[in-house]
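Just so it is clear, none of the values below were taken in a lab; they were calculated from the coordinates. Predicted model, so just to flag it, every value in this text is computed and none were measured. Note that each Cβ is placed from the backbone with ideal geometry, even for glycine, and that neighbours are counted across all protein chains shown.
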Amino acid sequence: MARKLVLCASPSHLSAGLWTGRRLSAVHGFSNAEPDQQAFATFLRAARGVPVYLMADTVDEDYRFETLPHAFGKDRRDMLERKLKQLYRSTPFFGAQLTQREDAKRRDDRYLFAAVTNTELFDPWLRILSASQLPIAGVFPLPLVTLGLIKQLELKEQNLLLVSRHEAGVRQTFVKDGRFRISRLTPLRASGSGSTLESSAEEVRNTRMYLDALNVTHVDEMLHVVILDQDDSLAALPDMVVHGRRNLRAVRIPPHEITNRIGVDSTALSASPDALHLFLLGQQKAPALNMAPPALTSGYTRLQISRGVYALSGAAGLLAAAWCGFNLYNVMGLEDEAHQISLKTHQEQSHYQEITRSFPPSPAAASRLQTTVEVSERISTMGRFPDTMFRVISAELDKYPAMRLTSLRWKYGRSGPEGSSGSAGATALSQSALLAMELTAQPGDFKSALANINSFVRDLSKNENVADAKVAKMPLNLSSSATLTGSTASLRQEQPQSAQFDVEIRLKPGV
Amino acid sequence: MRSLSSRDVRALFQPTLVLVIVIIVSIFALRYTAAAVKRAQQGVAAQERLLVEARKKVQQSDQEKNAIERYVEPYTELERAGIVGDEKRISWIDALRTANSEVDLYGVEYELEPQQAYAFKAEVAADSLPVHQSVMKLRFELLHEGDLLHFFQALAAQKVGRFTVNECKLQRLAVNLAIPVNQPTLKAECEVAWITIAGPAPEEGKS
């Protein structure tokens, strides 16, 4: 747990202690005198970087309750700021705390306003603290720190008066229904022990009457006085308080019980009368009512932000470390799994090797043998010679003696305009041929020549092996877009002429 | 909201620096470990594939044995015939010469191109099998078209490799009546593809 420097400032004295998580140590007292102030400065050097929690124990204090309309957020902050400035113009040490919400119809908020009205009390100590550059967490009223006892001592009485003796005097804090109402500090007069007790008892009785006068308590109600006797000096006080008073009941809590029930050790208790409250201040996170002006606590704000950032760094680092750890754990698991699988694979491979010893000798793997043989067979059956094409053409040419084949271009490949140079996809292969032919015809007898050519192509198409046959080029271009030339001289003077034409023929795939 | 003073900046510098360093280191560490997890997962997947493969080989060992017994002889025959393995170009040319002689042609001019991938690999479903072809262009003269078929049949009968005829162009030659019989009447230009299948790489080894 974080360390704290807990201080209790009174008009002529400062008590200091170091809270180290669960215990209070190094309890010292310093007077207003110059040597003690220097000693305090020296004391602070040992607490470098430790945040300071300062408690005010002075008669120059003010507590008042106000009921304000219910608000929250910025509206509440602005309203409280206005109210505090209105109430406490002469001091920077003031604060407010929401104590309860009223049950009435408007459900207004009830606030406790508190201030230290004489700031000279803090001047020497704050000057030394500022010089030491220690972060100041806040300035808190001692009576509100006292409230921490109610839960620890299990005090459930309706009207409760906590009495304790401090360096500054006797402090009486009245608590009704568990809530702070009034607190008074009575400075001790320097006289004999008996008269001090008597005056303390008188103060308690006066407080009782004061409460009745304020109508905070009724005269018939019982007031339970709890006397915190830190040094065994108030043993006779309970009897003196209740003497002749029916509406008062007093209980003293001796030092050993304070030690047992609260936890503060006897060494600290004996070192200072403020030790119990220093201990309570150390125990508490931070009282809600902080009277320190923001300028005074800026160093602590920085410290908190720094701690927050460090905490965030730590959390991020831890989260990342946990995640990385989880990942590495996974990696180890996966590597182990891979190793196990690898062992099984080796077993299977060994088993396979064992089996292969009975295999006949082979120049290649079985799959390679099979694929190679099958592919070779397919290549073999796929190949073609042009004999079928020759037979088809010869058979038809025999029927047309006037026609003569001058050249032939045969191809075997993929069907389509580009033949075998087409795409690499699997398509049926087929034979095709381009025939360059000539026809001996009478001059000018175009109709007869064209009819013969068309008849030849038709006959080719009818062959069972032919997929397609067509004229690629006619002896005459009869297209309307082409030029046609010739002579109509006397037919008897002219000899038979040969007409060239081309025929394309494609056999069915698989032929 | 109040602005930051120089004291605030000084006070927050170190924690902010620590936070930034922690975040950067964390990101790197997380990325590194996440990558390690991914690598390990891939390693497991690869090992599982190997195991499945090994088990499959064991399960199929009977079929494999049968396949070897069935195909080793035809395969060896293909090797002997020069279809599997390296090209035997000398044998092809010798075979050309022999075929020319047997068919009584007037001589064959040839031009053998560099080896390339087989053009009809998809049609024979060769998949990953390395099938190659070397295109040979032939020019020769014929007495008649029947000699063309006799020539290819004679070439195939040499059994020096597997070839397919891709293209042939026949052109009629002008007949010189002054020369007696047996003069060529046709000029032929053909394209033949000699096909070879590569043997297994040395590391593939025997099964």
*List the relative contact order of chain A as a percent without decimals, with contacts defined as Cα pairs under 8 Å and 6+ residues apart.*
12
_Cα gyration tensor shape of the protein assembly as shown, rounded if a/c is under 1.5, else prolate or oblate by comparing a/b with b/c_ = prolate
*Show which aspartates and glutamates lie in cross-link reach of residue B:169 when reach means a straight Cα distance below 12 angstrom and same-chain residues fewer than eight apart are skipped.*
B:141, B:145, B:189, B:191
*About its Cα centre, what dipole magnitude does region B:89-197 give when the only charges are +1 on Lys and Arg Cβ and -1 on Asp and Glu Cβ, stated in debye to the nearest 20?*
80
_Those residues of region A:391-416 whose amide nitrogen sits under 12 Å from the label point placed on residue B:172, 7 Å along Cα→Cβ_ = A:401-408
_Let's see if you can work this out: charge +1 on each Lys and Arg Cβ, -1 on each Asp and Glu Cβ, no other charges. What is the dipole magnitude of the protein assembly as shown about its Cα centre, in debye to the nearest 20?_
2300
*What is the set of long-range amide H partners of residue A:466 at a cut-off below 5 Å, with H atoms built 1.01 Å from backbone N?*
A:508
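When only DSSP loop residues count, what trypsin sites (Lys or Arg not before Pro) in region A:212-274 have their Cβ near at most 12 other Cβ atoms within 10 Å?
Details: sites: A:245, A:246, A:249, A:252, A:261; in loops: A:245, A:246.
Here the sparse-neighbourhood loop sites are A:246.
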*What percent antiparallel are the DSSP beta bridges of chain A, to the nearest 5?*
75
_Angle in degrees between helix B:6-59 and the longest Cα principal axis of chain B, rounded to the nearest 10_ = 40
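Under a Cβ-Cβ cut-off of 13 Å, what is the net charge of the residues other than residue A:47 that fall near it, where Lys and Arg count +1 and Asp and Glu count -1?
+4
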*Please state the relative contact order of region B:89-197 as a whole percent: Cα pairs under 8 Å, 6+ residues apart?*
33
*asked:* Under 15 Å from a point placed 7 Å out from the Cα of residue B:156 along the Cα-to-Cβ direction: which residues of region B:112-150 have their backbone N that close?
replied: B:147-150
_Need the list of lysines near residue B:88 for cross-linking: C-alpha distance under 17 angstrom, and skip anything on the same chain fewer than eight residues off._
B:137, B:159
*asked:* Given axes a ≥ b ≥ c from the Cα gyration tensor, I'd like to know whether region A:50-196 is rounded (a/c under 1.5), prolate (a/b larger than b/c) or oblate.
replied: oblate
*asked:* Full-extension gain between residue B:9 and residue B:93, please, as 0.36 nm times their residue separation minus the C-alpha to C-alpha distance.
replied: 21.1 nm
*List the trypsin sites (Lys or Arg not before Pro) in region A:119-200 that DSSP assigns to loop (not H, G, I, E or B) and whose Cβ has at most 15 other Cβ atoms within 10 Å. Which are they?*
A:156, A:189
*When A:163, A:139 are ordered from fewest to most other Cβ atoms inside 10 Å of their Cβ, what list results?*
A:163, A:139
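For chain B, what is the percent of antiparallel DSSP beta bridges, rounded to the nearest 5?
Around 95 percent of the beta bridges assigned by DSSP in chain B are antiparallel ones.
Counting Lys and Arg as +1 and Asp and Glu as -1, each charge on the Cβ, what is the dipole of chain B about the Cα centre in debye, to the nearest 20?
1840
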*Pairs of Cα atoms under 8 Å, at least six residues apart: use those to get the relative contact order of chain B, whole percent.*
21
*For region A:143-271, what class follows from the C-alpha gyration tensor (a ≥ b ≥ c being the square roots of its eigenvalues): rounded when a/c is under 1.5, otherwise prolate if a/b is larger than b/c, else oblate?*
oblate
_Per residue Cα convex hull volume in Å³ - calculated over chain B_ = 295
*What does a probe at residue A:105 reach in region A:53-87, counting residues whose amide N is under 17 Å from the point 7 Å along Cα→Cβ?*
A:69-70
_Restricting region A:31-112 to GluC sites (Glu not before Pro) in coil, as DSSP defines it, with at most 14 other Cβ within 10 Å_ = A:102
_Whichever lysines have a C-alpha closer than 30 Å to that of residue A:74, once near sequence neighbours (fewer than 8 apart) are set aside_ = A:83, A:85, A:105, A:285
*Residue among B:44, B:15, B:33 farthest towards the positive dipole end of region B:1-59, charges placed on Cβ*: B:44
*So for the protein assembly as shown, taking the charge dipole from beta-carbon charges (+1 Lys/Arg, -1 Asp/Glu), which of A:7, A:332, A:415 sits furthest toward the positive end?*
A:7
